[in-house]
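Here's the structure we're looking at; comments come further down.
The values are calculated or read from the model by the stated rules, or taken from the named source; none is laboratory data. Because the structure is predicted, anything quoted here is derived from the model rather than measured. Neighbour counts run over all protein chains shown; Cβ positions are idealised from the backbone, glycine included.
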Amino acid sequence: MLLSRLYIGTSGWDYDDWIGPFYAEDKRLFSQYYEIFNTVEINSTFYSYPTLNFMKGLARIAPWGFKFSAKIPKEITHKKKVNTKLGVENDLNRFLGLLQPLKSERKLGALLIQLPPLARNEIPYFEDFLNILPSNKYRFSIEFRHDSWLCQEIYSMLEKYNIAFTIVDEPLLPPIVKVTAGFAYIRWHGRGERPWYYYMYTLKELEEWVPRIKEIMNSVGIVFGYFNNHFRGYAPRNALQMLSLLGLINKSQRLK
């Protein structure tokens with residue numbers, strides 16, 4: 001029952017330096033990926049809108065039960081800074097329309113809204129943005145990257161709109177476990193210096209998360225978790241180690 005509510009994978013899957021450490025061969029990377037994990041976070045959607053054919057292809061080849069989460073385009077979060085007066089609702093609707101192949105096949109996980117690192121809790125139109133999010137139809141999670149957002153006023157606002165507070169493990173912010181929606185979203189960025197992502201978690205560091213994940217599972221119906229420390233195949237290794245620590249590893253998920 002726990003496995004059906006817990007989706008742990010990585011941020012992205014198409015990395016050349018995973019060939020060898022994780023992938024057995026340099027072809028059919030996604031097919032190799034979904035044989036091991038039940039979810040992935042699509043990072044490329046942050047940089048540009050995907051094509052409808054790309055999404056149709058993912059929906060077609062991913063197995064039943066697999067979930068794709070995706071980052072909201074930076075045009076919305078970084079260029080227009082979630083300002084509803086700049087037409088972000090139209091941009092959002094365009095993006096959601098491109099995700100319909102995943103949604104119709106019930107393979108859409110959650111949508112990550114990552115704010116810029118310098119964005120402080122002083123955006124006057126922030127609640128206006130939350131108000132346009134169709135959180136009754138999609139799962140939205142927002143990732144803050146400045147500590148000014150870490151306050152009860154913001155947590156309550158997220159609860160009001162059923163938007164998840166993205167729980168993070170990273171150097172900038174503490175790993176605050178706060179549940180504000182009917183699901184939870186966790187991201188492990190790594191604890192390196194320059195860059196953060198060039199880092200492999202130790203088993204001891206991962207063990208710290210086991211009771212936190214179990215606590216979260218008691219509060220929500222579904223949990224998505226993604227390792228973003230993608231250098232040298234660290235992310236898939238740590239993701240498999242986390243599943244093992246949770247007692248959810250299976251025969252196909254071998255640790256190398």
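Couple of notes before you dig in:
- Scan of segment 194-218 for residues that are at pLDDT below 95 and among the aromatic types (Phe, Trp, Tyr), ordered by number: TRP196, TYR197, TYR198, TYR199
- Here ARG212 clears all of (1) closer than 19 Å to LEU111 by Cα; (2) basic (Lys, Arg); (3) within 18 Å of the chain's Cα centre (by Cα) except the condition numbered (1).
- Condition check for GLY221: at pLDDT below 95 and of a type outside the set (Phe, Trp, Tyr): yes
- Scanning segment 56-90 for residues that are in contact (Cβ under 8 Å) with a residue 12 or more places away in the chain and farther than 18 Å from ILE42 by Cα gives LYS81, VAL82, ASN83, THR84, LYS85, VAL88, GLU89.
- Residue within segment 5-28 that is closer than 21 Å to VAL220 by Cβ and part of a loop (DSSP other than H, G, I, E, B) present: no
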